[in-house]
Each structure stands twice: as structure tokens, then as C-alpha cells.
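A short write-up of the structure that comes next.
Taken together, the values in this text are just the output of simple stated rules run on the coordinates, not laboratory data. Small disclaimer: the values here were computed from a predicted structure and weren't measured. Every residue, glycine among them, receives a Cβ derived from its backbone with ideal geometry; neighbour counts consider all protein chains shown.
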Amino acid sequence: MLLGVNIDHVATLRNARGGVEPDIMTAVRICKECNVASITTHLREDRRHIKDADVEAIRMLPHTRLNLEMAMTDEMQEIALRLRPHAICIVPEKRQELTTEGGLDVEGQLDRAIKFVKPLLAKNIEVSFFIDPDVHQISAVSKTGAPFIELHTGKYSEAFGTMDEEKAFQDLKGAAIFAQNFGLKVNAGHGLNYHNVKRMHEIPNLVELNIGHSIIARAVFVGLEQAVKEMKNLCEQG
Ligand code: PXP
């Protein structure tokens with residue numbers, strides 16, 4: 001499995017003092033030197049961590065695959081069409097949430113989703129929808145033309161090590177296989193850490209894991225390079 005590193009929390013720390021440290025581009029350079037597959041950032045409506053200028057600077061870097069997480073809004077569509085990141089992941093967004101709390105309801109707004117992704121696909125941007133492991137959501141995504149889903153691993157991550165782990169894990173695994181039978185490629189992420197990530201190998205053909213919080217949290221103690229390398233090894237060990 002490939003690793004996409006979500007660097008949003010480097011920006012969270014930077015913004016805490018309103019200055020420039022820690023520098024986002026240094027974080028990106030370290031991730032790139034570790035040969036991660038993608039640099040992932042979520043440009044939120046309230047710009048609470050990553051800012052427009054950060055996304056633009058990352059996009060301008062050569063040989064850097066940018067995976068831009070964004071809400072399904074006109075503003076974000078315009079930004080994606082202008083910057084043409086390699087990939088986008090369409091996520092739900094609520095202003096008050098601490099982090100992305102659940103998957104996007106694609107089924108409930110299928111017409112809008114189809115219209116939203118059409119110009120993005122026409123620009124050869126790899127589009128993915130961030131959804132819960134739910135067959136209805138998967139079949140809805142399959143009607144949009146998007147080639148990818150990203151499965152929300154939050155429930156599994158929270159249940160890890162408890163009585164509820166197996167059910168949450170089997171839901172993810174079943175959803176991944178169901179989606180692949182529809183011809184969709186499957187990424188996963190949210191709440192994954194150095195322990196619960198190991199079971200992702202039991203899910204066939206996952207393409208990429210997008211991981212942020214646990215890596216940046218570990219980087220506080222061991223440095224970003226070490227934290228990224230450790231996670232990359234866990235992703236690559238079959
Ligand atoms: N994937 C998506 C779509 C997300 O929104 C997030 C959180 O921004 C992540 C992955 C990474 O989650 P975490 O920071 O918990 O690793």
C-alpha cells in the first residue's frame with residue numbers, strides 16, 4: 001500500500017502562533033525525501049490549518065503528487081480547476097467539527113455529485129469520494145464517473161482493540177471488495193495509527209492510505225523523517 005501523508009497539522013501548529021514555523025514546505029520536502037506517494041492537504045472552508053498559499057506552493061513543486069481534500073462547494077471546485085492537483089478527495093465539511101466526522105452522503109446528492117466531478121474529470125484530475133463503508137454510497141459513487149473511493153476508517157480506528165473491532169473491520173473489508181467489484185479503486189484513511197494500520201493489509205488491493213494525525217503526533221518525539229519512515233514501512237510490509 002502507498003502512503004499519502006496529510007500535513008494539515010503542521011499548519012495547525014504554525015497557525016497557533018500566527019507565524020511561519022513550523023514551515024510547511026520543509027515538512028513537504030522531508031515527506032518527499034521519504035518517497036511518500038502523495039502529499040495530502042485539506043483546504044477547509046474556514047482555512048483553519050492549510051491556507052490557499054500553502055496549496056499553491058505545494059502544487060508548484062515539481063515531482064510532487066498533491067492530493068487535495070475539499071468540500072463539494074463551488075469555491076473548492078474553482079480552486080481545483082485552477083490548480084489542477086493530481087488528485088482530489090471530496091469530503092463532507094461542517095464548520096464546528098474537530099475533524100472530518102463521517103463520510104460524504106453521495107447517494108443523497110447524486111445529481112450534484114455527478115455535475116461537480118464532471119469538469120474535474122475532464123481535466124484528468126483523479127477524483128475520489130470520502131465515504132463510509134456503505135454499499136449504497138459505493139453504488140452511488142460508481143454512477144458519478146469518479147475512479148476512486150476513500151473509505152472512512154474512523155469507526156474501525158475507534159473500535160480497535162475493543163469488542164467492536166471485528167465488526168468495524170469486516171465492514172471496511174466488505175466495502176472495499178464490493179467497491180472493487182464495481183471497478184472502483186479504493187483508498188482508506190482517518191484515525192489510522194502505528195498499531196491499527198497493520199490490519200489494512202488484510203483488505204485486498206487497497207491503493208493508498210492517507211494518514212496525518214498519528215504521524216505528526218509521533219514526529220513531535222522522533223522527528224518527521226523517522227515518523228514518516230516508520231509508517232511507510234508499515235504500509236509497505238505485506
Ligand atoms: N482522509 C481524509 C479524507 C481526511 O479528511 C483525513 C483527515 O483530514 C484523513 C484521511 C487523515 O486522518 P488522520 O489525520 O486521522 O490520519
Checklist outcome for this item: The farthest towards the positive end of the charge dipole of the chain, of the residues Leu206, Phe182, Ile79, given +1 on Cβ of Lys and Arg and -1 on Cβ of Asp and Glu, is Ile79
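If I take every Cα pair under 8 Å that is 6 or more residues apart in the chain, average their sequence separation and divide by the length, what percent do I get for the relative contact order?
20 percent
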Checklist outcome for this item: If the label point sits 7 Å along Cα→Cβ of His86, residues of segment 41-70 with amide N under 13 Å come out as 41, 59-68
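Hey, what number do you get for the chain at 222 nm if only DSSP H runs of n ≥ 4 count, each worth -39500 (n - 2.57), divided across all residues, to the nearest 500?
Per the formula, -13000 deg cm²/dmol.
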Checklist outcome for this item: Of the candidates Thr153, Leu172, Gly108, the farthest towards the positive dipole end of segment 95-238 (Lys/Arg Cβ +1, Asp/Glu Cβ -1, centred on the Cα centre) is Gly108
Checklist outcome for this item: Log entry: pair-distance distribution for the chain, C-alpha pairs binned every 10 Å from zero, whole % per bin is 8, 34, 39, 18, 2
Checklist entry - Kirkwood hydrodynamic radius for segment 37-172: how many Å is it when counted over pairs of different Cα atoms? => result 15.6 Å
Checklist entry - Under a point-charge model restricted to the Cβ atoms of Lys and Arg (+1) and Asp and Glu (-1), what is the dipole moment magnitude of segment 146-234 relative to its Cα centre, in debye to the nearest 20? => result 160 debye
Item to check | Charged-residue dipole, Cβ positions (Lys, Arg, Asp, Glu), the chain about Cα centre, Debye nearest 20 | outcome: 580 debye
Checklist entry - Just how far, in whole angstrom, is segment 134-159 from segment 1-22 if you go by their alpha carbon centroids? => result 26 Å
Checklist outcome for this item: The Kirkwood hydrodynamic radius of segment 138-237, taken as the inverse of the mean 1/r over all distinct Cα pairs, in Å, comes to 14.2 Å
Item to check | Segment Glu45-Lys143, length gained on full extension (0.36 nm per residue, minus Cα span) | outcome: 32.6 nm
